[in-house]
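Student: Please see the structure below; I have some questions.
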Amino acid sequence: MRRLVDEALAITKELLKTFMFEFLHNIARLINGVSSLFLAIILGKANILEGVQGWELRPSFHGPRFPRWMENGVSSFNQLIHELPVDSDTSSIDYSSEENDLDETYPASPSSYGSRTSRTSFAINHAWHWTDWMACILSWIFLPARFLLWMPFLLFRLLNIWGSGASSDPRSPRRSNFRSLRKAHTSKDHVVKRSIDRRRGVVEDLHLAIEIFIEAMFDMIRKTAHCVLSPSSAFRILAKWFAYASVGLKDDDDDILNASVPPATVGDNDPAPSERNPTLHHALNTDARTCKDIITELGYPYEAIHVITADGYILLLERIPRRDARKAVYLQHGIFDSSVGWVSDGIVGSPAFAAYDQGYDVFLGNLRGLVSREHVDKNISSRKYWWYTINEHGTEDIPAMIEKIHEIKTAELKIIQPDEEMSDEQPYKLSAIAHSLGGAVMLMYLVTRLIERKPHRLSRMILLSPAGFHQETIFILTVAHYFVVPLGPIIAYFVPALYIPTRFFRMLFNKLARDFHNYPALGGLIQTIMSNMFGGDSSDWVGVMGLPHYNMNDMPGLSSGVVHHLAQIKWKGKFVMYDYGSASANVKAYGSQEPIDLGENYSLIDIPIDLISGRNDKIISAAMVTRHYKLMVEKGVDVSYKEFEYGHLDFTKSNREDILAYVMSRLMLEEPAPKRQSSLKKAPKLKKKGQASS
C-alpha cells in the first residue's frame, strides 16, 4: 500500500510540476511576445535583434550565453536538490547547466599578495535620512514581491529540516551526507572558483519557489500517509525526535543551513560583516562578485590597498601586481562605474589584463561614492557624505591614490634592486587610462598639480571619451541642466545622490538584469528604450546593467554635487572647476572671483595626451572630445586624436579588439622627455572640503 501511495503521489507531483512549468513558460512567452510587438512598433520589424550578440527572440529558463571566460552558465537548483540525499565526495558537485558545459577546468586562483580585507571591512552605522524612511515605506508597499523573492531560500531550509526530522541521529546517513556536502563545497571552492554568474532572474525565482513548495507539500503528504499506514514507524520517529531533541536537532539545523549554501568568498582572514552575508547571496542567487573575485578566478594575482583621503573618505585601490616592473598603469572609471569595468570582459577583452600581460604593474582606482558610504567617520550622515563635486575627485581622490602608488612602487623597487643606484626621484613610469568622467578628473588632477608646482608622477594619459565639455548633448540632459543649475543646492539637500536605496530593490535590479538576457525581446526593448533616451547611443545598456557591481550589497552612486558641477560646465561652456555661487567663496577657494578655467591652463601640460572618441557616442559626442584636442593643440600639448564607430560605454564594457589594440599601442609608446615649463602660474589656494560653502 505504501508503495502504491508513493507512486501515485510521485505521478501527481510530476504532473503538477509539469503543468506549472508550462504555465510559467507560457507567461514568459507572453512577456517576450509583447516585447517583440513593441519592438515591431518602435523599430519597424520584430526580428531586429536576430543574430545580434547571439540573441534570439525566444525566451528560456536557462541563463544567457556568456563570453568564453564565463561560459559555465548558471547553477541548476534541481540538480542541487537531487544531489542532497546522495553520498558525494569532494568532486561531486557541479554547477554547470546542461547547455553550457565546459570542456576544460579553470586554473586554481593564486593567493592574494596583499589583500587583507574587502571594501566592506569599513562597515559604518548609517544616520537615517528622510530618503531612508521613504525607502522603508516603499519596501513595505512591495512586501509581497519581497516575500516572493525570498521564498526559495526559506522553503529550501524548511524542506531540508523536515526531511531531516526522521533521521536526527548524528550517525544517520542523511546527517553525514549534509556534512560531506558542506565539506565538498568548501573544498571545491578552495581548489577552484569559476568566473560565472550564478544569479537567477525574477521569473526563475518564481519557478523555483513554486517547485520547492510542491516538493515540500508532497513530501509532507507522503510522510503523513506513511504515518497513517504504518503507526509503528510513526512511534519510532517520535521516539527518536524526543531522544535527540536536546542536541541533535539543533546541530542538524545549523549543519543543513551551512551545507546548503557554500561561502561566497574564500581566503579572507577577516570575517565578512553582516552587510555581506555570503550564505544569503548564494541562497538568493544574486551576482555580488567583486573585482577581486574576477581577477583571482582568472588566475591573476591581486592586491587590495585602502587609501584615506585628506577629507576622510576611504577609497579602494586595487592592483594586479608586478612588483619588479618599472612601468605601471593606473586605470580610472567614470560615472556609475567602478574598477569592475576594466576587467569585466575577461582575459581577452579587458584593458587591465592586456596591460598586465604586456609587463605593466596595474592599478585600478575607485572614486568615492558607494552606497556603503566608506568614511573614517562611521556615523557620517547621508547628506554630508554625498556632498562633493568633481573638485573633490580631482584634488582629493586622485592625489591620494597616485601618491600611494608612488610610495608603494618606490619602496618595492628599492627592495628588489638594492644594488642599483636610483638617482631619479621616480624610478618607474606611470601612465593613466581613464574613461568619461574619469578623463575629466585626471585632467583636473594634472592641471591643478602643475599649477601648484607639485609632482604629478604621470608620464602619459589615454582618455577614452573624456568629459569636460558638454555644449552638445542629448535633449533630456539639456533640459535637466537648465533645472539643475539654479536649483542644484536645493536638490542636493533633499536628494543627496542618485542610487538604489535599499538592499531589496538592488537585489531586484540585479535579478531583472538576468531576465533581460533570458527573454531577449524584453532585453531588446529595454536596450532600445535606453538607447533612445540617450539620443541613439549604441552602447550595450543591457549588458552594463548586468555587471556585478550593481548588486544587493553595494553599488556606485552619483552625487548631486557632481551633477550640479556638470550642469555648471555646460552652462558656462568651459571646462571649469566648481563655482561656489559667490565671489567671496570663490576667492577663498581659488584666490579669484571666478573658478579656475582648466582648459585655459592646458599650456602647462608636460606629458603626451591621447584622446579617443566614438562617432556613435551621444553622451559625450566626438565634437566635445575634439574641443579638448583643438584647445590642447593651440596650447602646444603633445596630443593625438582617434575616432571609432562605437558608443559611450563600448570603450570599457564591450570586447572591441580594435579599441583595445589602439589603446595598448599608445600605452607602449616610448615617452619623450617632459616638456620644460618656462613659466608657471602662482599656485592658487584650492579649496579643501568644508572650508567654504555657497
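The values are calculated or read from the model by the stated rules, or taken from the named source; none is laboratory data. Just so we're clear, the structure is a prediction, and the values are computed from it rather than from any experiment. Reconstructed Cβ throughout: ideal geometry from the backbone, glycine too, with neighbour counts over all protein chains shown.
Student: Filter the helices (runs of 4 or more DSSP H) completely within the stretch 435-554 down to those with at least 1 residues that are in contact with a Ser or Thr (Cβ under 7 Å, 6 or more places away or on another chain), surrounded by fewer than 19 Cβ atoms within 10 Å (Cβ to Cβ) and assigned by TED's automatic domain parsing to the domain that holds W386.
Tutor: Qualifying helices (runs of 4 or more DSSP H): 475-494.
Student: Confirm whether Y330 is buried (at least 20 other Cβ atoms within 10 Å of the Cβ) and more than 17 Å from the chain's Cα centre (by Cα). Quick ask: steps written out before the conclusion?
Tutor: Working: buried (at least 20 other Cβ atoms within 10 Å of the Cβ): yes; more than 17 Å from the chain's Cα centre (by Cα): yes.
So Y330 fits the description; yes.
Student: For the stretch 571-589, what are the residues that are assigned to a helix (DSSP H, G or I) and surrounded by fewer than 21 Cβ atoms within 10 Å (Cβ to Cβ)?
Tutor: Those that are assigned to a helix (DSSP H, G or I) and surrounded by fewer than 21 Cβ atoms within 10 Å (Cβ to Cβ): W571, K572, A583, S584, A585, V587, K588.
Student: Since Y550 meets every condition but one in (1) in contact with a helix residue (DSSP H, G or I) (Cβ under 7 Å, 6 or more places away or on another chain); (2) touching a residue at least 60 places away in the same chain (Cβ under 8 Å), which condition does it not meet?
Tutor: It is condition (2) that Y550 fails.
Student: Follow-up question, since we're still on this one. Touching an Asp or Glu at 6+ places or on another chain (Cβ under 8 Å), outside any loop (DSSP other than H, G, I, E, B) and not acidic (D, E): which single residue out of V329, V340 fits that description? Let's see the steps before the verdict.
Tutor: Values: V340 fails: touching an Asp or Glu at 6+ places or on another chain (Cβ under 8 Å).
Result of the check over V329, V340: V329.
Residues are listed down the side, and each one gets a yes or a no for (1) among the hydrophobic types (A, V, I, L, M, F, W, C); (2) more than 24 Å from G299 (Cβ to Cβ); (3) modelled with pLDDT of 95 or more:
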{"site": "N366", "(1), (2), (3)": "no, no, yes"}
{"site": "G369", "(1), (2), (3)": "no, yes, no"}
{"site": "I402", "(1), (2), (3)": "yes, yes, yes"}
{"site": "L413", "(1), (2), (3)": "yes, yes, no"}
